[in-house]
Amino acid sequence: MAGKKVYKTESGAVVYGVLAEFANPADLAHAAENVRDAGYRNWDVYSPFPVHGMEEAMGQTPTKLPILVACLGLTGVFIGFAFQYFVRHVEYPLVHQGKPTDSWQVLVPVTFEIGVAFTAFSALIGMFVFNALPRWNHPLLRSERFLGVSDDKFVIAIEAIDEKFEPHGVRSMFEKAGAIAVELVEEEMDAPIKVSVAH
Amino acid sequence: MSAINPDQTTAQRLAGMIPAPKPPRMDDPVTRDGSLVEDPAARAPLVLGDRTFGEVTDTVCGYIEKGPGRWWLPAFGLAAGVAGLMPLMILYLAITGVGVWGLNNQVGWAWDITNFVFWIGIGHAGTLISAILCLLKQKWRTSINRAAEAMTIFAVICAGTFPGVHVGRIWMTWMLFPFPNANAIWPNFSSPLLWDVFAVSTYATVSALFWYMGMIPDFATLRDRAALRLMRQGSNAERLPIANIRVDMIRARVYGALSMGWRFSARHWHTYEKAYLMLAGISTPLVLSVHSIVSFDFATSVIPGWHTTIFPPYFVAGAIFGGFAMVLMLLIPSRELFPGMKDLVTLRHLENMSKIILVTGFMVGFAYAMEFFVAWYSANRYEQDVFIYNRLLPPFFAVTGADGQLKYAPYWWAYWAMISCNVISPQLFWFKWARQSPVAIFIVAFAVTIGMWFERFVIIVTSLHRAFLPSEWGMFFATPVDILTFVGSCGTFLTLYLLFVRFLPQFAMSEIKNVMPQANPHWEGYGHTHGHAGQASGGAPAGVVHAPDAPKEGV
């Protein structure tokens, strides 16, 4: 957002944000509710597994991925059927067992399989696209504490690009919510200063 | 026990806040390792030994980082040596012709298609466990799904080889697929054999996607552990024996690339879980369709013994039956070979799979009986003769035909091998001690695997070897090439599985952590203290401080 203050550390590095570690999933969910209610927008919760009920605690809107997958899956069904019909009836009409070349019943199995393949690919690739992955590095991945998330740590990070971000305010809010550690994370070197985007 | 009714101290310890000494391993006479809880009101623990999240990570990643042990390299060498037979035999087949197999005018399909159906059937258990048990919210699947999915992929690789090489002119195999070509010839889309090409290739692709997607968070865990060690050890880190490269550098790069930069964000988890659920939802009809379509290869023909409407469900039940047997044959030795695996794959897991084997064994037994009923009820002499005089009657029960000749089934031994392995041997699982004894389960699973191979042999060869006219009757005898190709495919399967246990996570760590009791934010042990750990030292029973609105879930 234009005019947004850029925070820098004493060494001059741009601040990516503040992360806080919590002891267990219960504290994490409770703290996420606090962050949500405080009105932050550019923040995220990090846990070794999807914590039950975190969508509500974070106030996330349901993903639109199922709609995309349904559309692409049906596209696969249509392509599969049209291709077979074209081959069997138009391009290479081969009469065997005296059966009509334009019957649809024999096309069902392959149509189904092609639809399944399209659905599966769009679910996986759509998941990557919606999550802005692949991404080879991330400022958070330079924090030793954050690397423990893949093991057994529970972390909330608020990004500096959030309009409400203010290092001391964020720290005291995390401490009030029961954080066991709070840490400042620097932006990667030479990274362009990002513009605030709503999730 | 603590996983069912824990106190605050246990809660803090499980959350990794305070260290505690290892509790002694449970060896209860009733619950055995602690997982065989009889009380229907109490959920059996899915992870034993009161493990913390970190211990699960260390156990599973340890198999890769420390290596599986000294047994691995000799085992791998042996398996790879046996696997080498397969390309050798295929090469011999390609430069000589399908005559090197025991095929003849009567029996045009034999071990090649038997092996194909055998392997593709084994492949069904993986997707069943990942997809159907996922939709049914069977949480015990989390410890076995990764190994079962890996097994699926490897079984499908073995399966796909056989139809590829049995076409005779192997260099023409590409014509199976609908490519535009100079002769303007297209494949026949109304043929079940072409449906099979699409079903098997879709199945292989979707199973691989499913397997990979489940592994993304685990790859990220391996990446982060390697990165942490690099940060802490610096240039003192362990190096490769052959080059001056740090092992963890390779791990961080390779697992990092495979993890696609996954960083365990809750927003990502949300999309990931939706995508995973959709993959499970689409894989469920897929897994049912694949073996149904395989059975169409037979069912749509006019050969007595093949021309049967019961084939699709019969084949699917048989595939699940044989697949679970193979999962058990792989997991039971793994439990012994890998330290700590008995806490993740409990006796309860083995018992559950034994029950599935018992049920699906009944389904195939019912199908075998129903084939005879339909042969009798249809009043079709050819159908009846296939079942009685090609399969059922052993020589010592031979009957005298109208021409005075003794009539008996030349393949009676195959039929009775199938019946005793597939119908009789699983009956052992009526007894609880058998369902709870890994040795007994392994023996039954081994018998079932043999029986399922014989089932396909019986269906394919006994139906073909005697056509409608007695002048067309012949026999099939396997050649050494037949046998060695199959042995080679078993070696290929085992080689791939050994590579999997060496380099890839054998357990879905994030999923296992998610079904542990302390993963639930509403777990009783957390009470409503919300991280104010100082208040919780009293160790009062957590149920007392529970607010009435909080769901009181255990696992």
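The values are calculated or read from the model by the stated rules, or taken from the named source; none is laboratory data. Since the structure is predicted, the reported quantities are computational estimates derived from the model, not experimental observations. Every residue, glycine among them, receives a Cβ derived from its backbone with ideal geometry; neighbour counts consider all protein chains shown.
Got at least one residue in region B:159-176 being at pLDDT 90 or above, polar (S, T, N, Q) and either in contact with a helix residue (DSSP H, G or I) (Cβ under 7 Å, 6 or more places away or on another chain) or closer than 22 Å to B:S289 by Cβ (or both)? Yes.
Set side by side, the residues A:V45, A:V51, A:V35 differ, and just one is assigned to a helix (DSSP H, G or I), assigned by TED's automatic domain parsing to the domain that holds A:A181, under 20 Å from the mean Cα position of the chain (by Cα) and surrounded by 15 or more Cβ atoms within 10 Å (Cβ to Cβ), which is A:V35. Only one of the numbered conditions (1) modelled with pLDDT of 95 or more; (2) more than 9 Å from every other protein chain (Cβ to nearest Cβ) is not met by A:I114, and that is (2).
When B:V345, B:V359, B:V316, B:V327 are checked against the criterion of being in contact with a Gly (Cβ under 8 Å, 6 or more places away or on another chain) and among the β-branched types (V, I, T), a single residue qualifies: B:V327. Only one of the numbered conditions (1) loosely packed, with under 15 Cβ neighbours inside 10 Å; (2) within 8 Å of chain B (Cβ to nearest Cβ) is not met by A:T63, and that is (1).
Quick check, is A:V18 more than 10 Å from every other protein chain (Cβ to nearest Cβ) and in contact with a strand residue (DSSP E or B) (Cβ under 6 Å, 6 or more places away or on another chain)? Considered against the rule, which asks whether it is more than 10 Å from every other protein chain (Cβ to nearest Cβ) and in contact with a strand residue (DSSP E or B) (Cβ under 6 Å, 6 or more places away or on another chain), A:V18 comes out as yes. Would you confirm whether any residue within region A:143-154 is modelled with pLDDT under 90, closer than 27 Å to A:A20 by Cβ, of a type in the set (A, V, I, L, M, F, W, C) and under 17 Å from the mean Cα position of the chain (by Cα)? Looking for residues that are modelled with pLDDT under 90, closer than 27 Å to A:A20 by Cβ, of a type in the set (A, V, I, L, M, F, W, C) and under 17 Å from the mean Cα position of the chain (by Cα), one finds none in region A:143-154, hence no.
Quick grid of which residues meet (1) modelled with pLDDT of 90 or more; (2) out of contact with any Leu (no Cβ under 9 Å at 6 or more places or on another chain):
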{"position": "A:S122", "(1), (2)": "yes, no"}
{"position": "A:A132", "(1), (2)": "yes, yes"}
{"position": "A:N137", "(1), (2)": "no, yes"}
{"position": "A:E159", "(1), (2)": "yes, yes"}
{"position": "A:E188", "(1), (2)": "no, yes"}
{"position": "A:V197", "(1), (2)": "no, yes"}
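Hey, any hits in region B:399-415 for a residue that's modelled with pLDDT under 95, more than 18 Å from B:G451 (Cα to Cα), out of contact with any strand residue (DSSP E or B) (no Cβ under 9 Å at 6 or more places or on another chain) and hydroxyl-bearing (S, T, Y)? No, every residue in region B:399-415 fails to be modelled with pLDDT under 95, more than 18 Å from B:G451 (Cα to Cα), out of contact with any strand residue (DSSP E or B) (no Cβ under 9 Å at 6 or more places or on another chain) and hydroxyl-bearing (S, T, Y). Residues in region A:122-139 that are of a type outside the set (G, A, S), more than 7 Å from chain B (Cβ to nearest Cβ) and within 19 Å of B:A280 (Cα to Cα): A:I125 alone. Looking across region B:279-296, the residues that are more than 9 Å from chain A (Cβ to nearest Cβ) and closer than 16 Å to B:A317 by Cβ come down to B:T284, B:V287, B:L288, B:H291, B:V294, B:S295. The helices (runs of 4 or more DSSP H) found entirely in region B:427-520 that carry 2 or more residues being in contact with a Phe, Trp or Tyr (Cβ under 8 Å, 6 or more places away or on another chain), among the β-branched types (V, I, T) and touching a residue at least 60 places away in the same chain (Cβ under 8 Å) are B:438-457, B:480-503.
When A:V90, A:V6 are checked against the criterion of being loosely packed, with under 13 Cβ neighbours inside 10 Å, more than 8 Å from chain B (Cβ to nearest Cβ) and in contact (Cβ under 8 Å) with a residue 60 or more places away in the chain, A:V6 stands alone in meeting it.
Given the criterion without any contact (Cβ under 8 Å) to a residue 40 or more places away in the chain and out of contact with any Gly (no Cβ under 9 Å at 6 or more places or on another chain), identify the matching residue among B:G164, B:G160.
B:G164
Please tell me if B:L258 is closer than 30 Å to A:A32 by Cα and assigned to a helix (DSSP H, G or I). It is true that B:L258 is closer than 30 Å to A:A32 by Cα and assigned to a helix (DSSP H, G or I).
For every residue, the table says whether it meets (1) surrounded by fewer than 19 Cβ atoms within 10 Å (Cβ to Cβ); (2) at the interface with chain B (Cβ under 9 Å from one of its Cβ atoms); (3) farther than 23 Å from B:L277 by Cα.
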site: A:K99; (1), (2), (3): yes, yes, yes
site: A:G148; (1), (2), (3): no, yes, yes
site: A:E163; (1), (2), (3): yes, no, yes
site: A:M173; (1), (2), (3): no, no, yes
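Of all residues in region A:95-117, those that are closer than 12 Å to B:P192 by Cα have Cβ atoms under 8 Å from Cβ atoms of residues that are in a loop (DSSP other than H, G, I, E, B) and hydrophobic (A, V, I, L, M, F, W, C), 6 or more apart or on another chain, in A:V106/B:F189; A:L107/B:F189; A:V110/B:F189. In the set (1) in contact with a strand residue (DSSP E or B) (Cβ under 9 Å, 6 or more places away or on another chain); (2) without any contact (Cβ under 8 Å) to a residue 12 or more places away in the chain, the condition left unmet by B:P285 is number (1). All conditions in (1) surrounded by 14 or more Cβ atoms within 10 Å (Cβ to Cβ); (2) within 13 Å of chain A (Cβ to nearest Cβ) hold for B:N181, with the sole exception of (1). Every test in (1) touching a His at 6+ places or on another chain (Cβ under 9 Å); (2) crowded, with 20+ Cβ neighbours inside 10 Å; (3) within 14 Å of chain A (Cβ to nearest Cβ) is passed by B:I144 save one, and that test is (3).
From the list B:V100, B:V60, pick out the single residue that is surrounded by 21 or more Cβ atoms within 10 Å (Cβ to Cβ) and either in contact with a Phe, Trp or Tyr (Cβ under 8 Å, 6 or more places away or on another chain) or of a type outside the set (V, I, T) (or both). Show your work before the answer.
On the way: B:V100 fails: surrounded by 21 or more Cβ atoms within 10 Å (Cβ to Cβ).
Checking each option against the conditions leaves just B:V60.
Scanning region B:261-278 for residues being part of a helix (DSSP H, G or I), at the interface with chain A (Cβ under 8 Å from one of its Cβ atoms) and hydrophobic (A, V, I, L, M, F, W, C) gives a total of 4.
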